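Here's the structure, in structure tokens; my notes come after.
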């Protein structure tokens, strides 16, 4: 069963079964296929952005202890991007 973390509007998250996911136009959802040493997995994502080159830095302080976060990057508009380690997600 694939679970998706979604925002509930107040900063917290909730989990939804992938089949209950609100579907986009024409009933389509965006899925990213991730290949790890454990096999291939599908992640439901809110949207896909353009390809971009990033300078990824090691996760700082308190984030470094979270196994699924392998690094961070700062976007051009100042937003912080967390880089996930797919080997640790499953």
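The values are calculated or read from the model by the stated rules, or taken from the named source; none is laboratory data. What you see is a predicted model; the values in this text were computed from it and never measured. A quick note on method: Cβ atoms are made from the backbone with ideal geometry, for glycine too, and the neighbour counts reach across all protein chains shown.
Filtering region 1-41 to residues that are at pLDDT below 80, in a loop (DSSP other than H, G, I, E, B) and touching a strand residue (DSSP E or B) at 6+ places or on another chain (Cβ under 7 Å) leaves 1, 2, 8, 21. Selection of region 28-38 for residues being free of Cβ contacts under 8 Å to residues at least 24 places away in the same chain and over 16 Å from the mean Cα position of the chain (by Cα) yields only 28.
Conditions tested, residue by residue: (1) over 15 Å from the mean Cα position of the chain (by Cα); (2) free of Cβ contacts under 8 Å to residues at least 60 places away in the same chain; (3) over 24 Å from residue 30 (Cβ atoms); (4) in a strand (DSSP E or B).
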residue: 43; (1), (2), (3), (4): no, yes, no, yes
residue: 54; (1), (2), (3), (4): yes, yes, no, no
residue: 63; (1), (2), (3), (4): yes, yes, yes, no
residue: 67; (1), (2), (3), (4): no, yes, yes, no
residue: 78; (1), (2), (3), (4): yes, yes, yes, no
residue: 88; (1), (2), (3), (4): no, yes, no, no
